[in-house]
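Everything on this sheet refers to the single structure shown next.
The values are calculated or read from the model by the stated rules, or taken from the named source; none is laboratory data. In this text the structure is predicted, and so the values were computed from the model without any measurement. For neighbour counting, all protein chains shown are included, and Cβ atoms are generated from backbone atoms with ideal geometry for every residue, glycine included. All accessible areas refer to the heavy atoms of the entire protein, side chains included, with ligands and DNA or RNA removed. Shrake-Rupley method; radii C 1.70, N 1.55, O 1.52, S 1.80 Å.
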Amino acid sequence: MTSQADQQIAVGFTINGQRHDLDVSVRRTLAEVIREEVGLTGTHLGCEHGVCGACTVALDGRPVRSCLMLAIQADGASITTIEGLATDGVLHPVQQGMHDSHGFQCAFCAPGFLITAACMLESNPTPTREQIREELSGNLCRCTGYHSIIDGVETAVRLMQSGNESAGGEHA
Amino acid sequence: MKLPPFEYHRPSSIDEAVQLLADLDGEAKVLAGGQSLLPVMALRIGAPPHLIDIGNIAGLDAITANASGVIIGCLVRQAEAEEHTALAEHAPLVAKALPNIGHRAIRNRGTVCGSLAHADPAAELPAVCLALDATLVARSVRGERLIPAADFFVGFLDTALGDDELLTEVRFPAWGRRRGAGFAELSRRHGDYAIVGVAATVSLDDAGAVDHVALAFTGVAATPVRSEAAEQQLIGTAPTSQSFAAAARTAASAIDPPSDLHGSVSYRRHLAGVLAARALGEATRSIR
């Protein structure tokens, strides 16, 4: 802690459909508040300066780095984290596609990739492989070499086209 | 907690914001999108004692784009500018450069004016402003000041903005007829900072000769660099790949780029020539 107590400010936002009203320190990042105060630890912190993309959340439907925002800048926003992708126990197509294609290895980076991919498919449900590569270029993975992750998004596109049934272990 | 401590201010008007800047006398940084400022703070490169968050000030998030030019307010995010169809029509060089900035998640928060005020030597928009003779509008308690782009970028992460000044908007002049835009850069991955980047415009007269050209580089010095010798060389000539290659060589020989693990001086100089010829060609082909 510093010599003086940190300034606290009231902030209110919705995370995965649930309203949260908190008093937070002005220097808390959105990522820190999501993880440590709201308790949703699915949002991962890697580099904490905007390079790795692990902390990506959807802010009013757009992917943003939650480590590069003060929590108080999210006042009034609607936020989706990795915990909000599945509905009633049914995986989001991008989660199912990644599962079916064995997209990840250690999966530390997964929350950022999945949110980024889900946002992309919201605005462009039929991306080319090149478009997928470009959209995911801001997310780092140190295990896979990326091809399996891009395969997973392509599997998700097919799942969405064929009516969101599981691809049943198909390998892309 | 990752960030160093600071006192937070959330003014609700420009007047209130510039009064704070004056009162805090160099101890404050302005927070808009935060995509450059927060990494600086996270890495402890900087620890400003005060942050002035302008995010709640009404009227700063407008884009005006028509035949007399384009005005981008200081809360316009890069992604919003990128998606603006009239901006693409009236400031095509800006539109071509925008997708090269960071990644979509960065552009969704980062502002156009924030990138200019931060003035990273490898950023795209400073070179675009220089090429287009943009005007930067600064407000302070002393009043409003118009700063030509040629005077704005003064050094590494340094601009002509005073400690008490807020960059409120950037203005791009009217595009004009028979003018095309080209932007070319090389980076390690899409969205990374450019190793070298080039912004170019070419205008043709009715006889098809070059009557105006602008060529500006990023990533080759502490500030963006305009290549006037190469521009002069092209005026009045036919726009051919040979003349562009010759002008690109002139431009490349005049720059003094840095050397780092991404590229040596000679590699960057070579790259600057290749990309300049490419950007000039793209600009000419895009003339309607």
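A:LEU140: accessible area at probe 1.4 Å, nearest 10 Å²?
40 Å²
With +1 on the Cβ of every Lys and Arg and -1 on the Cβ of every Asp and Glu, and nothing else charged, how large is the dipole of the protein assembly as shown about its Cα centre, in debye rounded to the nearest 20? Can you show the working numbers first?
Numbers: 35 positive and 52 negative charges, 240 e Å.
It works out to roughly 1160 debye.
Averaged per residue, what accessible surface does chain A expose to a 1.4 Å probe, in Å²? Kindly include the intermediate steps, with their values, before the conclusion.
Working: 7590 Å² over 172 residues.
Per-residue accessible area for chain A comes out at 44 Å².
Taking the radius of gyration and the Kirkwood hydrodynamic radius from Cα positions alone, what is the Rg/Rh ratio for chain A, to two decimal places?
1.01
Within 10 Å of each Cβ in A:65-73, how many Cβ atoms from other chains are there, averaged over the peptide?
Partner Cβ neighbours, averaged per residue: 6.
Can you give me the relative contact order of the stretch A:1-76 as a percent, contacts being Cα pairs under 8 Å and 6 or more apart?
Result for the stretch A:1-76 is 33 percent.
Taking only Cα atoms and a 10 Å spring cutoff, compute GNM fluctuations for chain B and point out the largest among B:ASP15, B:ASP133, B:ASP206.
Most flexible of the set in this elastic network: B:ASP206.
Among rounded, prolate and oblate, which fits the protein assembly as shown when a ≥ b ≥ c are the square roots of the eigenvalues of its C-alpha gyration tensor, a/c under 1.5 means rounded, and a/b larger than b/c means prolate?
oblate
Find how much the distance from B:ILE287 to B:ALA209 grows on full extension, using 0.36 nm per residue of separation minus their present alpha carbon separation; answer in nm with one decimal.
Using 0.36 nm per residue and subtracting the Cα-Cα distance, I get 26.8 nm.
Tell me the accessible surface of A:TYR146 in square angstrom (1.4 angstrom probe, heavy atoms of protein chains only), to the nearest ten.
For A:TYR146, solvent-accessible area is about 70 Å².
For the B and A pair, go ahead and give the buried accessible area with a 1.4 Å probe, both sides summed, in Å² to 100.
Buried area (both sides, nearest 100 Å²): 2700 Å².
For the stretch B:218-288 and the stretch B:31-46, write down the distance between their C-alpha centroids in whole Å.
32 Å
Give me the dipole magnitude in Debye, nearest 20, for the stretch B:136-193 about the Cα centre, with unit charges on the beta carbon: positive for Lys and Arg, negative for Asp and Glu.
On the way: 9 positive and 9 negative charges, 106 e Å.
With only Lys, Arg, Asp and Glu charged at Cβ, the dipole is about 500 debye.
Give the carbon-plus-sulfur fraction of the accessible surface of the stretch A:58-172 in %, rounded to a whole number; probe 1.4 Å, heavy atoms of protein chains only.
Solvent-exposed carbon and sulfur of the stretch A:58-172 make up 50 percent of the total.
Find which of B:SER266, B:ALA222, B:LEU204 sits farthest along the positive direction of the dipole of the stretch B:200-273, computed with +1 on the beta-carbon of Lys and Arg, -1 on that of Asp and Glu, about the Cα centre.
B:SER266
Considering the dipole of the stretch A:103-162 built from charges on the beta carbon (Lys and Arg +1, Asp and Glu -1) around the Cα centre, which of A:MET120, A:THR155, A:CYS143 is farthest to its positive end?
About the Cα centre, the residue reaching furthest to the positive side is A:CYS143.
To the nearest 20 debye, what is the magnitude of the charge dipole of the stretch B:1-88 about its Cα centre, counting +1 on the Cβ of each Lys and Arg and -1 on the Cβ of each Asp and Glu? Walk me through the numbers on the way to the answer.
Values: 5 positive and 11 negative charges, 69 e Å.
Dipole size: approximately 340 debye.
With a 1.4 Å probe and every protein chain left in place, work out the accessible area per residue of the stretch B:10-88 in Å², rounded to a whole number.
Accessible area per residue: 42 Å².
Need the per-residue list for the stretch B:96-120: every residue with at least 40 Å² less accessible surface in the complex of protein chains than in the chain by itself, probe 1.4 Å, sorted by number.
Listed in order, they are B:HIS103, B:ARG104, B:ALA105, B:ASN108, B:ARG109.
Can you tell me the relative contact order of the stretch B:88-172? Whole percent, Cα pairs under 8 Å, sequence separation 6 or more.
29 percent
Karplus couplings for the stretch B:50-60 from phi (6.51 cos²θ - 1.76 cosθ + 1.60, θ = phi - 60°), rounded to Hz, Gly and Pro as x?
9, 10, 10, 7, 8, x, 9, 7, 6, x, 9
Whole Å is fine, so just give me how far the alpha carbon centre of the stretch B:112-127 lies from that of the stretch A:1-64.
A separation of 27 Å, based on Cα centres.
Dividing the Cα radius of gyration by the Kirkwood radius, what Rg/Rh value follows for the stretch B:57-204?
Result: Rg/Rh = 0.94.
So which residue, out of B:ALA131, B:ALA184, B:ALA22, gets the largest mean-square fluctuation from a GNM of chain B using Cα contacts under 10 Å as springs?
B:ALA22
Just need the relative contact order of chain A here, percent rounded to a whole number, with Cα pairs under 8 Å and 6+ apart.
About 23 percent, as a whole number.
For chain B, report the % of Cα-Cα distances exceeding 29 Å.
33 percent
Using a Gaussian network model on chain B with a 10 Å cutoff between Cα atoms, which of B:PHE156, B:PHE244, B:PHE217 fluctuates the most?
Largest GNM mean-square fluctuation: B:PHE156.
Among B:VAL30, A:SER25, B:GLY191, whose Cα sits farthest toward the positive end of the charge dipole of the protein assembly as shown (+1 at Cβ of Lys/Arg, -1 at Cβ of Asp/Glu, about the Cα centre)?
B:GLY191
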